[in-house]
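Please treat every number below as a calculation from the coordinates, not as lab data. Note that this is a predicted model, so its numbers are computed, not measured. Using ideal geometry, Cβ is built from the backbone for each residue, glycine included, and neighbour counts are taken over all protein chains shown.
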Amino acid sequence: MTVLEGATSRLLTDRDFAQRTDAYRPELLGYAYRMLGGLHDAEDAVQETLLRAWQARAQFAGRSSLRTWLYRIATNVCLRAVERSGRRPLPSGLGPSDLGEETTWLQPVPDVWVLPADADPAALAVARSSVRLAFVAALQHLPARQRAALLLRDVFAWPAADVAELLGVSVAAVTSALQRARAQLTRFPSIEDDLQDPTDPDLRALVEQYATAFENADVDALVRLLRHDVVWEMPPLRQWFVGREPVGRFLATTVFGVAGPWKIVATTANGRPALATYLAGPDGRPHAHALQVLEPTPTGIAAVVAFLDPALFEVFGLPASR
């Protein structure tokens, strides 16, 4: 083989390696988002994972699958990221020790980032459940390695032996970490509360009624659509409300009392229905205001997280004004 032939062969091999690793980008992004709870954090983690894989491609001996190798790199990247940045809560997850501390909030994620387009119904249901805001917020309370063990075993269905090899621990250590993680998650019963398929026609109708009522600033109609124990949150504001009456008063006096009119665009986030709300500005045009992620149930809307961050609109492919 000539030097030129050898260079050509190496180039083809490198190109094939890049194509094969890039094919895992979507699922790695979903894994990193669940681990880190932030959009840009997840993107950065995946980018660093693929870069490290590329730099170490000559060391990949094929003793494990390429997927396992990439997840090992991604897990190490995410573990270090958690050590640096800590957890990303929602306002309802703050404790007394968090008062006065600067908070980096949990962010919503577009469904197209984390839900496999070609999954069967059972796999899609698991994926939707595992990216719900309530579940990802609960994960933030787990130590990083427990978080990884739980995701790899319970969400991605890895065998315990494979998880142990990836984390560099024994199977017994994985089992113990998993038991502690599951026990910790039982403190957050809302993560499995009235879990329903969001494509159910009755739930879709409920969300449509909510959107219409919000656009019309109809507080009475909105309150009727809320569950009696509804939770309303608005990161980055730390204030949050529980119950129809407190939420109704807040809507009447603060949301609709001094502002309007509103425009609504439907989208999806974290496996749930979401609404992009636009508020008229001084120029009379509707401008990006908040992204509301809803938790519809057969008994009403159980939770609303209104992310007051217009920068999210671009991530969700939505215009900044209409």
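Is the shape of region 201-315 best called rounded, prolate or oblate, per the rule: a/c under 1.5 gives rounded, else a/b larger than b/c gives prolate, else oblate, with a ≥ b ≥ c the square roots of the Cα gyration tensor eigenvalues? The shape class here is rounded. What FRET efficiency would be calculated for the residue pair ALA117, ASP14, taking the C-beta separation as r and a Förster radius of 25 Å, to the nearest 0.05? That pair, ALA117 with ASP14, gives E of 0.30. Along each principal axis, taking the top coordinate minus the bottom one, the Cα set of region 118-273 gives 58, 35, 23 Å in descending order. Once the Cβ-Cβ distance of SER64 and ALA311 is raised to the sixth power relative to R0 = 56 Å, the FRET efficiency obtained is 0.90. The value obtained for the chain, namely the Cα convex hull volume divided by the number of residues, is 163 Å³ per residue.
The charge dipole of the chain, taken about its Cα centre with unit charges on the Cβ atoms of Lys, Arg (+1), Asp and Glu (-1) only, comes to about 820 debye. Shown is the FRET efficiency for VAL171 and LEU51, computed with R0 = 45 Å from the Cβ-Cβ distance and rounded to the nearest 0.05: 0.90. In region 157-227, Rg over Rh equals 1.31, where Rg is the alpha-carbon radius of gyration and Rh the Kirkwood radius from pairwise Cα distances. Fewest-first ordering of HIS289, HIS228 by other beta carbons within 10 Å of each residue's beta carbon gives HIS228, HIS289.
Think of the chain as a dipole: +1 on every Lys or Arg Cβ, -1 on every Asp or Glu Cβ, centred on the Cα centre; then among SER129, HIS40, TYR210, HIS40 lies furthest on the positive end.
Label separation (GLU83 vs ALA125): 4.0 nm, computed from points 7 Å beyond Cα along the C-beta direction. Peptides 162-174, 308-320 ranked from most to least packed, by the mean per-residue count of other Cβ atoms within 10 Å: 162-174, 308-320.
Toward the positive end of the charge dipole of the chain, with +1 on the Cβ of Lys and Arg and -1 on the Cβ of Asp and Glu, the farthest Cα among PRO235, LEU185, THR49 is that of THR49.
Can you bin region 229-280 into rounded, prolate or oblate? Criterion: square roots of the alpha carbon gyration tensor eigenvalues sorted a ≥ b ≥ c, rounded for a/c under 1.5, prolate for a/b above b/c, oblate for the rest. Here region 229-280 falls in the oblate category. Residues ILE73, ILE301 in ascending order of nearby Cβ atoms (within 10 Å, fewest first): ILE73, ILE301.
For region 138-167, backbone nitrogen atoms closer than 17 Å to the point 7 Å from ARG187 Cα along Cα-to-C-beta are found at 138-148, 150. Of ALA18, PRO116, ALA144, which is farthest towards the positive pole of region 14-190's charge dipole, taken about the Cα centre with +1 and -1 on the beta-carbons of Lys, Arg and Asp, Glu respectively? Checked the options; the winner is ALA144. The alpha-carbon atoms of region 14-190, seen along their principal axes, cover 51, 36, 34 angstrom, with the largest extent given first. Report summary: the helix-based calculation at 222 nm, which adds -39500 (n - 2.57) for every DSSP H run with n ≥ 4 and divides by the residues of the chain, gives -14500 deg cm²/dmol. Here the dipole of region 201-315 is about 80 debye; that uses its Cα centre as origin and unit charges on the Cβ of Lys and Arg (positive) and Asp and Glu (negative).
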